[in-house]
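Each remark here refers to the structure printed beneath this line.
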Amino acid sequence: MKKLGLIAGGGDLPASVASRCDEEGRPVYVVRLDGFADDSVSRWPGETIGMAQIGTILKTLRRENCEAVCLAGYVNRPDFKTLRPDFKGATLLPGIIAAATKGDDALLRKILGIFEGEGFSVEGADDILGSHMLAQGALGAISPTPEQMNDINKAVYVAEKSGELDIGQGAVVVDGLVLAVEAQEGTDQMLLRVAALPQDLRGHQDGRKGVLAKAPKPIQDIRVDMPVIGPRTVELAAAAGLAGIAGYEGQLIVMDISATREAADRLGLFVWGLQKSGAA
C-alpha cells in the first residue's frame, strides 16, 4: 500500500483516517495544519506546518516517501492577507486566492490540483474509511415515522440545493419549515443556532420533531469534503430538540459508528440512510 500523507485539519476525522491506516498496516505520516489540527493526531509520526507553507509540506511528504495524500478535517477559510507563505506558497497563492473568489469548491479543486501536479495521488477519507459510511436504513434502534420522512426528504432537498450554490452541506427542517441552512459556521454551530430558537419551532426532549440532513455539494470533489456526523452531532441534534439525522447511504461519513449508534439510541434519535434516489 502507498504510504499516506495525511493533511490534518480540525475535528475527529483525521484521527479516524490515521487509525484505519493502523488497522490495515498502512504507513501514515501526518502533516498537522498549524492552528487547526487536534491533539488527537499527535500520537502518529508527523509535524506541524502552517497552511501557507506549501513548499515545506510538499518537501516533507517527499522526504517521508509518501505517495498518496488525504486531506481530512475542517479548515476555516483564512484571511489571505495574514498568511506567511514560503517561496512555493507565494508563487501559488495568487492562483489560490483567485480560486477562492469562485467559491469553496473551486478553492478545493485548486488545492487538489497542486498535489496531483506534484505527482501525488489524492484519496478521499471515505475511500480509506470504507465501512464508516452510512448504510441504508436505521443505524440504531429507532426509525423515522412517515411524518418525519417528509421532513427528511425536504431537508435533504434543501441541503442539496444549498450545495448547488456552494453554501453548505446541511439543513434543518421541522414540520416542513426550514429552520436553518449550514453555511461557513459548520454543522455544530448551526445546531447551536437551532437550539436557541423557541421550543414551539424546534421541539424539545419530551416532544422531539424535525431532522438534520447532510448531503455532499453536487459540485464538490468528495475526495476532500464528504459530509460527516458523529456522536457530538447526535448530542447537539438532541439538544436542539430534533428527532433525528439523515443522509444518503454511502455519502455520509459516520465517525465512530458504535458510539454514534449508542448516543442515538440513548437520546431517542434516529440516524437514517436514504437511497440516493431519495426513497425511504
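The values are calculated or read from the model by the stated rules, or taken from the named source; none is laboratory data. Predicted, not measured: the structure shown is a model, and the values here were computed from it. Note that each Cβ is placed from the backbone with ideal geometry, even for glycine, and that neighbours are counted across all protein chains shown. Keep in mind that these areas ignore ligands, DNA and RNA; they rest on the heavy atoms of the full protein, side chains included. Shrake-Rupley method; radii C 1.70, N 1.55, O 1.52, S 1.80 Å.
Annotations
- Rough spin-label spacing in nm, given labels placed 7 Å along Cα→Cβ, for Lys2 and Gln189: 3.4 nm
- Peptides 240-253, 48-61, 168-181 ordered by packing proxy, namely the average of other Cβ atoms within 10 Å per residue, highest first: 240-253, 168-181, 48-61.
- Using C-alpha pairs below 8 Å separated by at least 6 residues, the relative contact order for the chain is 17 percent.
- Of all DSSP beta bridges in segment 1-76, antiparallel share, percent nearest 5: 5 percent
- Ligands, DNA and RNA left out, the 1.4 Å accessible surface of the chain is 52% carbon and sulfur atoms.
- Averaged over its residues, segment 1-68 has an accessible area of 43 Å² per residue, based on protein heavy atoms and a 1.4 Å probe.
- Working note: Cα atoms of segment 153-280, range along each principal axis, descending, whole Å: 39, 30, 28.
- For segment 121-241, averaging the sequence separation of C-alpha pairs within contact (under 8 Å, six or more residues apart) and dividing by the residue count gives a relative contact order of 29 percent.
- Per residue, the accessible area of segment 76-224 comes to 48 Å² when a 1.4 Å probe rolls over the protein heavy atoms.
- Relative pair counts by distance (%), Cα atoms of the chain, 10 Å bins: 7, 29, 33, 21, 9, 1
- By DSSP, the beta bridges lying fully in the chain are antiparallel in about 35 percent of cases.
- Filter on Lys3/Lys161; Lys3/Lys110; Lys102/Lys276; Lys3/Lys102; Lys2/Lys161 - keep pairs with C-alpha separation over 31 Å: Lys3/Lys161; Lys3/Lys102; Lys2/Lys161
- Counting only DSSP H runs of at least 4 residues, each contributing -39500 (n - 2.57), and dividing by the residue count of the chain, the helix-based mean residue ellipticity at 222 nm comes to -11500 deg cm²/dmol.
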